1. Across the stretch 132-185, what is the number of residues that are in contact with a Cys (Cβ under 8 Å, 6 or more places away or on another chain) and within 20 Å of GLN45 (Cα to Cα)?
2. I'm checking my understanding of the structure. Among residues of the stretch 194-215 that are of a type in the set (D, E, K, R) and surrounded by 14 or more Cβ atoms within 10 Å (Cβ to Cβ), which one is nearest to ASP133 (Cα to Cα)?
3. Here are GLY37, GLY47, GLY6: which of them is in contact with a strand residue (DSSP E or B) (Cβ under 7 Å, 6 or more places away or on another chain) and closer than 21 Å to ASN105 by Cβ?
4. For the stretch 16-50, which residues satisfy the criterion of being more than 9 Å from the ligand (Cβ to nearest atom), open to solvent by 70 Å² or more (accessible area, probe 1.4 Å) and either touching a Pro at 6+ places or on another chain (Cβ under 6 Å) or modelled with pLDDT under 95 (or both)?
5. So, in the stretch 180-208, of the ones that are assigned to a strand (DSSP E or B) and in contact with a helix residue (DSSP H, G or I) (Cβ under 9 Å, 6 or more places away or on another chain), which residue ends up farthest from LYS231 (Cα to Cα)?
6. Residues being open to solvent by 20 Å² or more (accessible area, probe 1.4 Å) and either within 14 Å of the ligand (Cβ to nearest atom) or not acidic (Asp, Glu) (or both): count how many of those fall in the stretch 172-185.
Amino acid sequence: MKSVFGPVSSWRFGRSLGVDPLCQNICSFDCVYCQIGPTLNKTIQKGTFIDIDRIREDLKRFLPEINSDVVTISGYGEPTLAKNLDEIIEAIRELTDLPLAILTNSSTLSLGKMRRTLMDLDVIVTKLDAHDDSLFKEINRPIRGLHVGDIIKGIKKFRNSFEGRLELQTMFIEKNKDYADELAKIAMEIQPDKVYINTPLRHSLETPLSEDQIYEIEGYFEGLDTFSVYKSKKYELYKEELKRRSIQR
Ligand code: SF4
């Protein structure tokens, strides 16, 4: 598996060149809607999963060939579990002037060292699907010892010192659709630059909420800059996929 992939058409960033510091399914969560599938290695322990020299080589090979708008650190799990994340960020910065983003489940943002590592990025997309531990356990099924209150505090601390764009994404499914008000209040306190209102349109064990349900949810976030998945290209692809499936039936 390559540590550099893409470009993928991202509903958030345009054409994105992905850097995967894990190349295997490792995450501190096991979200019920995860499109990768059940987490194979649920942990909060950091490790070096891909050697920095290999990432550097993959970047050197793919960067000149691929026309992208942004480099995004993401992949098969939670990228902040990579012990060599600071070296990876440094290598990307050395090799390209493209903006650098990361997609994180926010589970390590309660750690001051991690917040310092992420300071050098241009965009950080954080995740928050639950306002309390009971819903957090039901949706994100985190490794024992993680508490959503600590994660929220971590995101707020990061917001207060980070000079880049901090964005927040929430996946709405049946289990949390009635808590949009509570989640919106927390989002108001965080004051992200953008809020992505998501529902699993791609392959997932969870059924997506309807367009009307998502628009109703978006209403709770009034005053913040929101973007719903139903306004994205992903929705156009989803509609095409549904059409294809109905023709094949
Ligand atoms: S945080 Fe992301 S990668 Fe981890 S289980 Fe949830 S959806 Fe999957």
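1. 2
2. Out of the qualifying residues, it is GLU206.
3. Being in contact with a strand residue (DSSP E or B) (Cβ under 7 Å, 6 or more places away or on another chain) and closer than 21 Å to ASN105 by Cβ holds for just one of GLY37, GLY47, GLY6, which is GLY6.
4. The answer is GLN24, and nothing else.
5. VAL195
6. Result for the stretch 172-185: 4.
The values are calculated or read from the model by the stated rules, or taken from the named source; none is laboratory data. Note that the structure is predicted; figures quoted are calculated from it, not measured. Note that each Cβ is placed from the backbone with ideal geometry, even for glycine, and that neighbours are counted across all protein chains shown. The area values use the complete protein model at the heavy-atom level, side chains included, leaving out ligands, DNA and RNA. Shrake-Rupley method; radii C 1.70, N 1.55, O 1.52, S 1.80 Å.
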